[in-house]
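J.: Okay, here's the structure, questions in a sec.
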Amino acid sequence: MATSDTLYAQIADSLATSIRSGALRRGERMPSVRRVARERNVSLATATQAYRALEDARLVEARPRSGYFVAARPSPIAEPQASRPPLAAQVVDRSTLAAQVLRLAEDPGVISFGAACPSAELFDADRLRRAVTRTALRQRHALARYVHPPGHDDARRAVARHALRLGCTLDPQRLLLTNGCLESIALCLRAVTQPGDVVALESPTYFGFLEILEQLQLKALEIPTDPRHGLSVDALQLALDTQPVKAVVVVPTLSNPLGATMPLAERRRLAQLAAARGLPVIEDAIYHDFAGDDERRRAVRSFDATGHVMLCSSFSKTVAPGLRLGWVDAGRWHARVQRLKATTSGGQSSIVELAVAELLSQPGLEAGLRTLRQRVAQCVDEARELIAASFPAGTSATDPSGGFILWVELPEQVDSMRLYEACLDERIVVAPGMLFSASERYRHCIRLGVGGAWDAAAQRALRRVGEIATDLAQRAAGAPRAPAFHLGMLP
């Protein structure tokens with residue numbers, strides 16, 4: 001039986017999802033505590049606890065003798081429009097700049113918004129250490145054994161149980177454990193393409209995907225993508241009619257960098273399209289646990305009846321970033337992907353695999369994920385508020401329903417490479433928009449990862465990014481330049 005603590009957290013998470021999705025709008029009266037208690041069949045004390053949790057997360061506010069209301073969201077700022085990428089496939093070359101952005105994210109002397117990595121402060125390091133230590137003690141001979149794919153049976157069973165959250169019933173014997181989600185995706189692409197082939201993906205898309213395409217000598221065909229609803233299945237269908245597309249790479253839940261989430265009906269359509277065209281769809285589910293409800297977590301693979309959807313994920317964003325364990329169920333290409341894994345990188349450490357399995361099996365997992373979602377949601381809200389207040393007029397920013405990534409569209413005269421270089425002079429890192437396209441687009445855009453340490457220094461740094469962008473916009477427009485000063489001079 002669920003405890004009252006679990007019940008109040010579940011109720012709070014459900015209401016928070018309705019608020020962030022826009023179902024409950026800013027300033028709208030919330031259901032009364034008594035109504036929530038009656039409809040959820042819980043005590044008044046449990047319903048009250050749920051509302052207090054929402055107050056702590058600054059999602060609702062209490063008004064004397066009036067009840068609870070949805071709190072004012074950050075200062076309004078427009079969202080970007082759907083992308084309009086070129087119609088032709090592009091050769092990819094993005095690796096040098098991407099490597100620099102990621103390397104700087106590890107520099108302790110830099111405040112980085114450039115990487116989509118959660119801060120170590122968001123995780124219970126002692127809990128992770130205990131899981132690894134217990135596993136090493138129980139499996140004391142594991143480090144003396146050579147490991148082969150597909151991975152330890154216990155770990156694959158734990159992954160299969162976790163995949164139920166995605167609406168997928170997976171066979172543990174057909175799961176392959178990998179060195180992270182990117183290796184899973186690379187293996188899938190190698191299994192279904194040859195050099196020179198065309199791969200369709202979202203636009204903008206994660207630069208890691210573009211780097212894989214570059215290494216495999218594949219061409220990128222960017223598909224129009226909406227900041228809220230993700231990849232356009234209609235546009236993809238048209239592309240399939242006119243282009244020799246061999247595979248699709250898609251992130252249906254909280255895509256990187258837009259944070260878009262495909263509606264359930266579009267996920268079903270994508271699975272049906274894959275089956276009808278015999279098209280491999282490589283689905284990246286790495287951010288699904290940041291979605292607060294089952295519907296937004298449900299994978300395209302859950303609608304797949306023919307094995308054309310290859311499901312990839314890892315636990316590096318939500319459970320144990322340092323353990324770098326990924327997995328893939330490659331559908332009808334299972335045997336091919338497993339052979340490629342064996343000849344490319346072999347197996348992982350069974351210590352790592354079983355430590356992750358233990359973490360996935362612990363009773364506090366869901367509570368930890370809920371806390372993680374709430375903490376990063378607060379960071380995103382505060383970051384959007386800073387962007388609205390500090391960035392140049394005409395700036396727009398995404399408003400994702402989860403995760404910790406923001407896509408910021410600056411006025412067109414602001415070159416994000418110049419902004420990147422100017423910020424780097426002040427030991428601040430942002431990710432220039434051109435990284436996220438094979439076609440030199442999005443030069444006036446940046447991606448901001450706000451899952452790192454979100455302290456006063458980070459907030460001052462983000463405000464400074466806006467000031468630099470404003471200065472660049474004014475200079476491009478011929479306005480007098482504002483006095484220059486550096487992050488270290490800020491109070």
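J.: Search segment 49-72 for residues that are within 18 Å of residue 35 (Cα to Cα) and pair each with any residue that is modelled with pLDDT under 80 and basic (Lys, Arg) when their beta-carbon atoms are under 6 Å apart and the residues are at least 6 apart or on different chains.
T.: From segment 49-72, the pairs are 70/26.
J.: Would it be correct to say that residue 404 is touching a residue at least 24 places away in the same chain (Cβ under 8 Å), out of contact with any Cys (no Cβ under 7 Å at 6 or more places or on another chain) and aromatic (Phe, Trp, Tyr)?
T.: No.
J.: Has segment 252-264 got any residue that is assigned to a helix (DSSP H, G or I) and of a type in the set (A, V, I, L, M, F, W, C)?
T.: yes
J.: Are any residues in segment 79-122 among the β-branched types (Val, Ile, Thr), assigned to a loop (DSSP other than H, G, I, E, B) and either surrounded by fewer than 20 Cβ atoms within 10 Å (Cβ to Cβ) or at pLDDT 80 or above (or both), and if so, which ones?
T.: Correct list: 110 only.
J.: With 238, 273, 221 as the choices, which residue is among the aliphatic types (A, V, I, L, M) and either part of a loop (DSSP other than H, G, I, E, B) or under 22 Å from residue 98 (Cα atoms) (or both)?
T.: Only one candidate passes the filter, namely 221.
J.: Is one or more of the residues making up segment 313-323 outside the structural domain of residue 23 (by TED's automatic domain parsing), at pLDDT 95 or above and either under 23 Å from residue 157 (Cβ atoms) or aliphatic (A, V, I, L, M) (or both)?
T.: Yes, some residue in segment 313-323 is outside the structural domain of residue 23 (by TED's automatic domain parsing), at pLDDT 95 or above and either under 23 Å from residue 157 (Cβ atoms) or aliphatic (A, V, I, L, M) (or both).
J.: Please verify whether segment 194-202 includes one or more residues that are modelled with pLDDT of 95 or more, surrounded by fewer than 22 Cβ atoms within 10 Å (Cβ to Cβ) and either assigned by TED's automatic domain parsing to the domain that holds residue 406 or under 24 Å from the mean Cα position of the chain (by Cα) (or both).
T.: Checked segment 194-202: no residue is modelled with pLDDT of 95 or more, surrounded by fewer than 22 Cβ atoms within 10 Å (Cβ to Cβ) and either assigned by TED's automatic domain parsing to the domain that holds residue 406 or under 24 Å from the mean Cα position of the chain (by Cα) (or both).
J.: From the list 443, 373, 418, exactly one residue is surrounded by 20 or more Cβ atoms within 10 Å (Cβ to Cβ) and basic (Lys, Arg). Which is it?
T.: Going through 443, 373, 418 in turn, just one is surrounded by 20 or more Cβ atoms within 10 Å (Cβ to Cβ) and basic (Lys, Arg): 373.
J.: Quick check on my filter: what residues within segment 172-193 are out of contact with any strand residue (DSSP E or B) (no Cβ under 7 Å at 6 or more places or on another chain), in contact (Cβ under 8 Å) with a residue 40 or more places away in the chain and either not hydrophobic (A, V, I, L, M, F, W, C) or not in a helix (DSSP H, G or I) (or both)?
T.: If the condition is that a residue be out of contact with any strand residue (DSSP E or B) (no Cβ under 7 Å at 6 or more places or on another chain), in contact (Cβ under 8 Å) with a residue 40 or more places away in the chain and either not hydrophobic (A, V, I, L, M, F, W, C) or not in a helix (DSSP H, G or I) (or both), then 190 is the only one that fits.
J.: Follow-up. Report, by residue number, each residue of segment 289-340 that is part of a loop (DSSP other than H, G, I, E, B) and among the hydroxyl-bearing types (Ser, Thr, Tyr).
T.: 306, 316, 318
J.: Just to be sure I understand, how many residues within segment 227-236 are modelled with pLDDT of 95 or more and surrounded by 15 or more Cβ atoms within 10 Å (Cβ to Cβ)?
T.: Number satisfying all stated conditions: 6.
J.: Applying the selection to segment 346-368, what residues are closer than 13 Å to residue 150 by Cβ and either buried (at least 19 other Cβ atoms within 10 Å of the Cβ) or in contact with a helix residue (DSSP H, G or I) (Cβ under 7 Å, 6 or more places away or on another chain) (or both)?
T.: 347, 348, 350, 353
The values are calculated or read from the model by the stated rules, or taken from the named source; none is laboratory data. As the structure is a computational prediction, the values presented were derived from the model and not from experiment. Note that we place each Cβ from the backbone using ideal geometry, even for glycine, and neighbour counts take in every protein chain shown.
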